[in-house]
Amino acid sequence: MNRFRQNIVGQVEQNWPLTLRQWDELGSQLRAIAQLARGDLDNQLDLEPAYPGGRLPEPASAIRLARERNIPTILPAAFYHLSRLSIDDDWGETPHCDQPLAAGYTAEWNLLTADDLRCLLKGQAKLRQAPRDILHFTYRTDRCPETCCSMKRWGLLKEIEETCIKSPDVLRVAREYIERKTYGDGICHLCSSRIRHDLATFRHILWDMLTDYFCI
Ligand SMILES: [Zn+2]
């Protein structure tokens with residue numbers, strides 16, 4: 001019976017990223033698949049999705065399953081995914097058969113228990129506060145050792161912080177800033193690499209905090 005349970009748990013865990021690296025890999029896959037759908041990557045048609053269906057499973061039923069079958073490992077990713085969705089992103093009201101990508105962004109909200117809805121709301125509030133609490137730019141107050149325009153650097157850091165606070169998907173937004181090739185004129189290479197480092201640190205801390213945020 002133990003082996004049977006292990007097999008089931010293993011299969012469920014395979015559907016959900018358990019680490020930030022896996023989360024990012026899935027994000028890259030989804031982005032590439034979306035680009036393929038638009039015809040942007042015609043030379044990469046052999047791209048294989050890392051997860052079944054190339055998208056995340058429906059999160060509310062996953063949370064219910066994890067609670068009832070004691071599989072807490074998938075809860076951070078499932079709750080975070082659910083936190084990005086709107087109550088209008090309803091599984092039952094979306095024509096998901098025709099839109100497989102869109103189907104990864106809906107939830108069966110009626111499967112969520114009242115306790116888990118409270119966990120979700122607490123987690124969303126914590127995520128909105130997270131950029132103020134744990135996003136620390138080490139160069140915010142220091143003098144730039146190179147040629148930065150201090151006003152532009154200050155403005156950039158403020159823009160990043162505000163964008164992170166407003167976004168329902170702070171991990172994605174922070175990653176997009178990390179992946180920017182340049183932050184424009186007036187921001188030197190050294191400061192740019194520090195900003196990327198601070199954002200990467202922020203994302204790792206945030207991922208590790210998800211269990212606390214959603215009271216899992
Ligand atoms: Zn600089």
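Bear in mind these aren't lab numbers, they're just calculated from the coordinates by the rules spelled out. Everything numeric in this text was worked out from a predicted model, so none of it was measured. Cβ sites come from the backbone with ideal geometry, for glycine too, and all protein chains shown count toward neighbours.
Assorted remarks:
- Residues of type lysines that K152 reaches as a straight line, Cα spacing below 25 Å, ignoring anything fewer than 8 places off in the same chain: K166, K181
- Total formal charge among the other residues, if their Cβ is under 13 angstrom from that of L18, Lys/Arg +1 and Asp/Glu -1: -3
- The H on the amide N of D90, modeled in the peptide plane, is under 5 Å from the matching H of A107, each at least 5 residues off or on a different chain.
- Karplus 3J(HN,Hα) series, Hz, for segment 9-16 with 6.51 cos²θ - 1.76 cosθ + 1.60 (x for Gly, Pro): 4, x, 5, 5, 5, 5, 7, 10
- Full-stretch length increase - E162, Q11 - with 0.36 nm per residue and alpha-carbon distance subtracted: 50.5 nm
- Positive minus negative residues near G123 (Lys, Arg vs Asp, Glu; Cβ under 12 Å): +3
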